[in-house]
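Shown next, in structure tokens, is the structure this report addresses.
The values are calculated or read from the model by the stated rules, or taken from the named source; none is laboratory data. Keep in mind it's a predicted model, so treat the numbers as computed, not measured. Note that each Cβ is placed from the backbone with ideal geometry, even for glycine, and that neighbours are counted across all protein chains shown.
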Amino acid sequence: MSRSNHDARPLASEIDRIRQDFPILEKRVNGSPLVYLDNAATSHKPIAVTRALNRFYLDSNSNINRGIHTLSEQATELYDEARACAQKLINAERSDEIIFLRGVTEAVNLVVAGLGRKRVRSGDRIVVSEMEHHSNIVPWQMLCEEKGASLDIIPINDDGDLLIDEFEKLLTSRTRIVSIAHVSNVFGTINPIRRIVEMAHRRNIPVFVDGAQSAPHLAVDVRALGCDFYAFSGHKLYGPTGVGVLYGRAELLEEMLPYQAGGGSINSVTFARTTYKPPPAKFEAGTPNIAGAIGLAAAIAYVESLGLERIYVYERELLEYTLTRLSEMPRLRIIGDPRERASIVSFVIEGAHSHDVASILDSRGIAIRAGHHCAQPLHERLGLAATARVSLAFYNLKEEIDKLAEAIGEVGKIFGRV
């Protein structure tokens, strides 16, 4: 962890109060209390976020950077404050290195279009890992097809750790960018980003980091990591859907081509020529998700009020408890055993399809994920069509893990008789 919090009280002592900030956790599903263990897909939102959204629409609703009237100025100020809030969260050096967009998927596509199309030529190479989400594979594939470049894949071992020595062998004079997940959405592996960046930078290769699964669970410092790009999605960080953040080093953002063009991104337009504003406006054409950015700022403030260190410690306890309980289950196999793991555990049950497992758990009010988790190449590497996935958040309880284990025991009995 890179930053500390002065509150030394364990988060566990406040969980009952914290859960009251998430009214949906009181919901009953199929007659049972909701046990929500699908946080890697999307997290729930505290009241502070919904209040921030309502407050904006009720009190300050207007477009930004376009008017001189009071509401427009208020909306612009709130939007700028949200950018500064995101900057502080990941310790970016400057607020103009923060671009608001829809999420990590759009962030990858922006870098592909803005930097990739400018730098990549026929015969060049782009490096991703075997554990990537489709969003960090397909856009690079499309670029390779367009440019006649190649996609190089960092292999993994059976535990779910990157083979770093093999990664180093992939770095050549033709490598144009490395794009890597900070945390795997299947294994929960925490990848050694700083080491990866150092290795790539020795050859002047920029590194894009997919922070979708790390920003909600780890204290992220982009300057300490040294990465050139870092992206995260608001809806996984207890904020609204449809908003996210791309951090990019200022000199690279200056170099990049605009991803889209239109109002808000230009300095001047004539039929002969258009000139663009500097970043971040250059990459925020059109009316942005103003309310989403404000809601994301409220989510960040909420998380920071709890303390990133405290969240990490509590979630680590939950993770260890989950691994222990699941490892006790007959017929269940946990997928991977990485050296460092965040709050994600995938598993299979002998004789049971993961979709059936998820469906039976849902009948008991327990929400998990089942499928390939937008990571088909990884599942092919594992020889699996699908896995079931439990993903934790700071509002989860050990008692909920007990309910999960009890329900999985029933699933094992059902399929053990088949």
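Residue 285 meets the conditions (1) outside any helix (DSSP H, G or I); (2) surrounded by fewer than 21 Cβ atoms within 10 Å (Cβ to Cβ); (3) modelled with pLDDT of 95 or more in every case but one. The failed one is (3).
Could you tell me whether the range 364-372 includes any residue that is more than 24 Å from the chain's Cα centre (by Cα) and at positive phi? Yes; the residues of the range 364-372 include at least one that is more than 24 Å from the chain's Cα centre (by Cα) and at positive phi. Checking each residue of the range 317-325 against the condition of being assigned by TED's automatic domain parsing to the domain that holds residue 217 and in contact with a Lys or Arg (Cβ under 6 Å, 6 or more places away or on another chain) gives no match. One residue stands out among those in the range 210-228 that are out of contact with any Pro (no Cβ under 7 Å at 6 or more places or on another chain) and under 16 Å from residue 98 (Cβ atoms): the one that is surrounded by the fewest Cβ atoms within 10 Å (Cβ to Cβ), which is 223. Is it true that some residue in the range 113-133 is hydrophobic (A, V, I, L, M, F, W, C) and closer than 21 Å to residue 279 by Cα? Yes - at least one qualifying residue is present in the range 113-133. Those strands (runs of 3 or more DSSP E) of the range 146-238 in which at least 2 residues are in contact with a helix residue (DSSP H, G or I) (Cβ under 7 Å, 6 or more places away or on another chain) and without any contact (Cβ under 8 Å) to a residue 40 or more places away in the chain, considering only elements entirely within it, cover 150-154, 207-210. Does residue 74 satisfy the condition of being of a type outside the set (D, E, K, R) and touching a strand residue (DSSP E or B) at 6+ places or on another chain (Cβ under 7 Å)? When the stated conditions are applied, residue 74 does not pass them. Looking across the range 38-80, the residues that are over 27 Å from residue 20 (Cα atoms) and in a helix (DSSP H, G or I) come down to 60, 70, 71, 72, 73, 74, 75, 76, 77, 79, 80.
For every residue, the table says whether it meets (1) assigned by TED's automatic domain parsing to the domain that holds residue 220; (2) under 15 Å from the mean Cα position of the chain (by Cα); (3) free of Cβ contacts under 8 Å to residues at least 40 places away in the same chain; (4) surrounded by fewer than 24 Cβ atoms within 10 Å (Cβ to Cβ).
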position	(1), (2), (3), (4)
91	yes, no, no, yes
100	yes, yes, no, yes
124	yes, no, no, yes
127	yes, no, no, no
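Residues in the range 239-255 that are more than 24 Å from residue 395 (Cβ to Cβ) and either in a loop (DSSP other than H, G, I, E, B) or among the small types (Gly, Ala, Ser) (or both): 248, 249, 250. Taking the listed residues 389, 381, the one that is in the same structural domain as residue 33 (by TED's automatic domain parsing), basic (Lys, Arg) and touching an Asp or Glu at 6+ places or on another chain (Cβ under 7 Å) is 381, with no other qualifying. Among the residues of the range 229-248, none is identified as within 12 Å of residue 87 (Cα to Cα) and either surrounded by fewer than 21 Cβ atoms within 10 Å (Cβ to Cβ) or modelled with pLDDT under 95 (or both).
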